[in-house]
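Structure first, then comments.
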Amino acid sequence: MHRILIIDDEKNVLSSFKKILDQEGYNIQTSGNAQEGLDLTQSHPFDLLIMDIRMPGMSGLEAFSKFKEIDPKLPIIIMTAHGTTEAAIEAMQLGAFDYVIKPFEVPAMKQLIEKALEAGRLMKTVVEYEPKEDFGGDRIIGSSSRMQEIYKIIGQTAATDVTVLLRGESGTGKELFARAVYYHSKRKDKPFFVINSAAIPETLLESELFGYEKGAFTDARERRVGKLEQCHDGTLFLDEVGDMPLSIQTKLLRVIEDKSFERLGSNKTLKVDIRLITATNKNLESLIKEGKFREDLFYRLNVVSIPIPPLRERKEDIPRLVEYFLTKYGREFNKKGVSLSESALAVLQRYDWPGNVRELENTIKKALIFSKSAAILPEGIFIPEHIREGKKQSSVYLQELLPDLVKNGLRRENGNLYKEIIEEVERALLIETLKQVNGNQSEAAKILGISRPTLKDKIDKFGLRKVVLLQES
Ligand SMILES: Nc1ncnc2c1ncn2[C@@H]1O[C@H](COP(=O)(O)OP(=O)(O)OP(=O)(O)O)[C@@H](O)[C@H]1O
Ligand SMILES: [Mg+2]
């Protein structure tokens with residue numbers, strides 16, 4: 001259960017927080033002054049601190065520095081009233097997670113608390129490769145030669161400050177590796193923040209990164225410190241960097257080259273020292289050709305490039321991953337000791353795992369949830385039917401495939417059937433077209449009415465190089 005400490009000299013603030021957050025299943029402790037809060041933290045660390053900035057005795061700002069000394073990675077949300085936002089902004093520059101202006105809305109506050117707890121988890125949870133049994137952090141599983149290569153590159157580069165680009169399909173573990181790099185770096189005691197370019201609309205992304213001045217745009221009622229400033233001396237993980245809009249790419253390039261930027265609506269240049277880790281599942285070279293990604297930025301980000309292989313190219317890691325997920329979720333779902341039958345493992349080995357480790361993880365989770373005995377049988381594995389039964393995918397006609405896929409989908413509570421089937425159709429269409437033009441990609445693209453780069457992306461996405469002989473031009 002997450003432990004949250006709330007410090008405010010107003011009793012009614014404390015009691016209303018407690019009432020709201022107790023229901024959410026958090027363990028809430030409250031304190032009327034900063035010194036008492038500091039004592040509490042020393043005896044038992046918290047996962048999150050929410051603190052008023054203006055209190056009698058020790059001020060919030062003073063307390064802030066002391067909390068950071070005790071626990072540099074403690075996420076702290078500052079509460080402030082109108083008129084004291086300057087202090088809150090100062091706290092942000094010193095690494096506070098965020099600040100809110102009183103009175104605040106409960107749903108937004110709950111959301112912010114979740115975000116802060118997640119940021120704290122990402123910063124604090126150790127990531128190790130194949131650690132010993134009793135290890136409490138996140139594990140990277142995989143002893144295949146492809147994975148060993150990656151461990152080696154990370155070992156050689158984590159401690160330097162070079163920019164790292166993680167490339168790989170969705171679900172291959174890019175975020176996990178990003179955190180491994182951070183955790184093995186000199187900056188491991190400094191902040192680590194994540195920004196996902198694909199998840200945030202352009203204007204919001206810009207203000208998240210760079211911050212803004214009061215009045216910079218209609219909604220800019222107060223000055224806001226961006227993640228770059230907050231991350232000073234630390235590590236910033238730019239996830240899905242291939243989705244970053246061009247205008248922001250230009251500004252990012254300047255941050256890399258000159259270590260400088262301005263808040264939106266300001267002409268004061270700020271300096272930062274940040275280590276960048278980036279990740280993408282896009283083909284950046286194709287995006288460059290399409291004019292959607294800056295080539296100069298690419299070279300800056302691509303100093304050390306770590307290609308994370310898809311699971312189908314390291315199937316020898318499947319048994320260990322399965323064992324790991326069975327233990328992990330067996331504990332969580334109260335299904336300890338449930339194992340996988342030989343035949344079920346054979347099914348998993350036969351499948352191509354387009355969703356990679358994430359898909360394998362979800363498959364094991366579902367199998368555990370629905371398991372009724374001590375062993376999971378092939379029937380308990382929710383993947384396309386023809387693979388479970390060992391038919392060869394390429395020889396299966398679509399009409400034959402559809403009933404199985406839909407039947408399979410009906411068994412799940414939260415399906416993704418539309419996407420899965422369309423992807424099956426897409427894959428079959430691509431294979432058939434490429435076969436009929438003898439692997440000539442330009443011709444295939446022309447017939448399909450899609451661009452060459454798009455076709456290339458799809459070939460990578462579906463792993464078609466292994467299925468069809470392609471003419472490389
Ligand atoms: N080698 C591994 N060992 C253990 N767990 C792994 C491994 N690789 C991935 N996972 C798990 O698989 C899931 C997906 O990993 P992650 O989120 O890092 O993928 P990603 O490459 O960032 O995907 P996306 O491109 O979709 O964001 C996570 O739950 C992660 O913990
Ligand atoms: Mg990711």
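Per-structure values
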quantity: Residue match in region 209-219 (condition: on the phi > 0 side of the Ramachandran plot, in a strand (DSSP E or B), open to solvent by less than 10 Å² (accessible area, probe 1.4 Å) and not assigned by TED's automatic domain parsing to the domain that holds residue 317); calculated: yes
quantity: Breaking point among (1) touching a Ser or Thr at 6+ places or on another chain (Cβ under 8 Å); (2) surrounded by fewer than 18 Cβ atoms within 10 Å (Cβ to Cβ), for residue 151; calculated: (1)
quantity: Selection from region 21-37 of residues that are part of a helix (DSSP H, G or I) and in contact with a strand residue (DSSP E or B) (Cβ under 9 Å, 6 or more places away or on another chain); calculated: 21, 22, 34, 36, 37
quantity: Condition met for residue 187 (more than 14 Å from ligand 1 (Cβ to nearest atom), at pLDDT 90 or above and touching an Asp or Glu at 6+ places or on another chain (Cβ under 8 Å)); calculated: yes
quantity: Boolean, residue 281 is closer than 20 Å to residue 170 by Cα, in contact with a strand residue (DSSP E or B) (Cβ under 9 Å, 6 or more places away or on another chain) and within 16 Å of ligand 1 (Cβ to nearest atom); calculated: yes
quantity: Those residues of region 446-472 which are closer than 24 Å to residue 311 by Cβ, among the hydrophobic types (A, V, I, L, M, F, W, C) and surrounded by 14 or more Cβ atoms within 10 Å (Cβ to Cβ), in sequence order; calculated: 455, 459, 462, 464, 467, 468, 470
quantity: Selection count, region 324-335, where residues are open to solvent by 50 Å² or more (accessible area, probe 1.4 Å), away from ligand 1 (no atom under 11 Å from the Cβ) and assigned to a helix (DSSP H, G or I); calculated: 3
quantity: Unmet criterion (only one of (1) away from ligand 2 (no atom under 16 Å from the Cβ); (2) of a type outside the set (Phe, Trp, Tyr); (3) in contact with a Lys or Arg (Cβ under 8 Å, 6 or more places away or on another chain)) for residue 307; calculated: (1)
quantity: One residue from 373, 341, 305 being of a type in the set (Ser, Thr, Tyr), touching a strand residue (DSSP E or B) at 6+ places or on another chain (Cβ under 7 Å) and either closer than 30 Å to residue 242 by Cα or loosely packed, with under 15 Cβ neighbours inside 10 Å (or both); calculated: 305
quantity: Conditions (1) away from ligand 1 (no atom under 16 Å from the Cβ); (2) more than 27 Å from residue 246 (Cα to Cα); (3) not basic (Lys, Arg); number of the one not met by residue 161; calculated: (2)
quantity: Qualifying position, being within 14 Å of residue 237 (Cβ to Cβ), part of a helix (DSSP H, G or I) and within 15 Å of ligand 1 (Cβ to nearest atom), among 182, 151; calculated: 182
quantity: Subset of region 425-445 (residues that are within 22 Å of residue 354 (Cα to Cα) and open to solvent by 50 Å² or more (accessible area, probe 1.4 Å)); calculated: 425, 429, 432, 435
quantity: Residue among 16, 65 that is under 22 Å from residue 228 (Cα atoms), open to solvent by 40 Å² or more (accessible area, probe 1.4 Å) and of a type outside the set (D, E, K, R); calculated: 65
quantity: Options 222, 229, 257; residue that is more than 16 Å from ligand 2 (Cβ to nearest atom), more than 30 Å from residue 138 (Cβ to Cβ) and buried (at least 16 other Cβ atoms within 10 Å of the Cβ); calculated: 222
quantity: Odd one out for residue 164 among (1) within 14 Å of ligand 2 (Cβ to nearest atom); (2) at pLDDT 95 or above; calculated: (1)
quantity: Verdict on residue 237 being touching a helix residue (DSSP H, G or I) at 6+ places or on another chain (Cβ under 6 Å), away from ligand 1 (no atom under 15 Å from the Cβ) and either part of a loop (DSSP other than H, G, I, E, B) or open to solvent by less than 40 Å² (accessible area, probe 1.4 Å) (or both); calculated: no
quantity: Residue in region 310-320 that is within 16 Å of ligand 2 (Cβ to nearest atom) and either over 21 Å from the mean Cα position of the chain (by Cα) or modelled with pLDDT of 90 or more (or both) present; calculated: yes
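The values are calculated or read from the model by the stated rules, or taken from the named source; none is laboratory data. None of the values given here were measured: they were computed from a predicted structure. Glycine also receives a Cβ, built like all others from the backbone with ideal geometry; neighbour counts cover every protein chain displayed. When the accessible area is computed, the model is the full protein with side chains, heavy atoms only, and any ligands, DNA or RNA have been set aside. Shrake-Rupley method; radii C 1.70, N 1.55, O 1.52, S 1.80 Å.
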